[in-house]
Amino acid sequence: MLITESHHDVPTKAGGDMRIFTFHPTIPNYKKAKFPGVVLFSEIYQVTGPVARFARQIASHGYIVAAPSSYHEFTSHEPLAYDVPGTDAGNKWKVEKEVSAYDEDASLSVSHLLSLPTCNGRIGATGMCLGGHLAFRCALDNRVSAAVCYFATDIHSGTLGKGGDDSLKRCGEIKAELVMIHGKLDNHVPAEGRDLIRKRLHEEGVIFSWYEPAWAQHAFIRDELSKGRYDAALSGVCFEMLKELFNRTLRSDLGPRDGEDLEVEDVC
């Protein structure tokens with residue numbers, strides 16, 4: 001599927017205009033075709049080459065992808081470099097930004113997708129690292145039906161944003177279906193942190209799948225300057241999980257979930 005790319009600058013209460021990069025699928029001779037929307041949240045470096053390539057990959061399967069720039073209060077929409085100064089700036093702004101501002105960004109991005117006449121009204125979210133956490137928080141919005149969170153940082157510690165976050169405490173509010181992906185060798189989210197997240201999701205009755213590949217480190221899907229951590233094969237497996245979830249929840253009109261317990265037969 002072909003893709004057209006554009007951007008929209010959206011005013012925010014937190015400060016500055018948030019640039020939303022939009023990747024839109026197109027089918028010749030079907031100008032009124034409608035597609036699901038996906039908000040793609042970036043890592044701490046904003047919308048870099050790897051993030052844009054990931055957005056194009058999703059869009060080519062028939063999703064309108066909106067990738068917001070996160071640090072509009074502090075800098076322009078330009079991506080940060082994958083170097084020490086870029087990393088230091090991204091990590092600094094990540095904790096200086098208000099959690100309410102992250103939530104505003106997510107809400108505005110969902111609203112942007114829903115405002116498009118080519119959107120079918122169903123929204124998913126995904127992201128990596130910081131963006132994985134933001135996709136998790138985006139799922140608190142009842143307009144979001146599904147989220148795929150790649151190695152989401154700070155959920156276990158509640159340390160996102162100025163003063164910290166309440167994402168894990170509020171996870172019981174999530175009605176969307178989640179896919180949570182963490183590398184077993186990810187030292188940004190240690191084993192005890194992953195266990196805490198998984199336990200809490202179970203306790204709160206969140207519908208989720210959990211994938212923890214044995215040899216994966218943090219940022220294993222980043223195909224540029226990943227410091228030797230990029231794993232193309234595992235990235236492909238994870239993308240198939242994203243496709244399965246989004247195809248099932250965003251393309252079909254499933255109606256509301258009835259909430260009844262599923263009885264599982266004890267059969268071989």
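Values in this text are rule-based calculations from the coordinates and carry no lab data. Everything quoted here is computed from the prediction, not taken from an experiment. In this analysis, Cβ positions are derived from the backbone assuming ideal geometry, glycine residues included, and neighbour counts consider all displayed protein chains.
Once the dipole of segment 1-84 is set up with Lys and Arg at +1 and Asp and Glu at -1 on Cβ about the Cα centre, which of TYR71, ALA81, ALA59 lies farthest towards its positive end? The listed residue farthest towards the positive side: ALA59.
Compactness ratio for segment 158-268: Cα radius of gyration over 2.2 N^0.38 Å (N = residue count) comes to 1.25. Mean residue ellipticity, 222 nm, helices only, the chain: the sum of -39500 (n - 2.57) across DSSP H runs of n ≥ 4, divided by residue count and rounded to 500, is -9000 deg cm²/dmol. Only Cα sites of the chain enter the Debye sum here, all with the same form factor; the resulting log10 I(q)/I(0) across q = 0.12 1/Å is -0.69, listed in q order.
Can you tell me what share of the DSSP beta bridges in the chain is antiparallel? A percent to the nearest 5 is fine. Looking only at bridges with both residues in the chain, the antiparallel portion is about 35 percent. Put simply, when 205-213, 128-136 are sorted by average Cβ atoms within 10 angstrom per residue, most first, you get 128-136, 205-213. Would you give the gap between the C-alpha center of segment 104-171 and the C-alpha center of segment 201-264, rounded to a whole Å? First find each Cα centre; the distance between them is then 14 Å.
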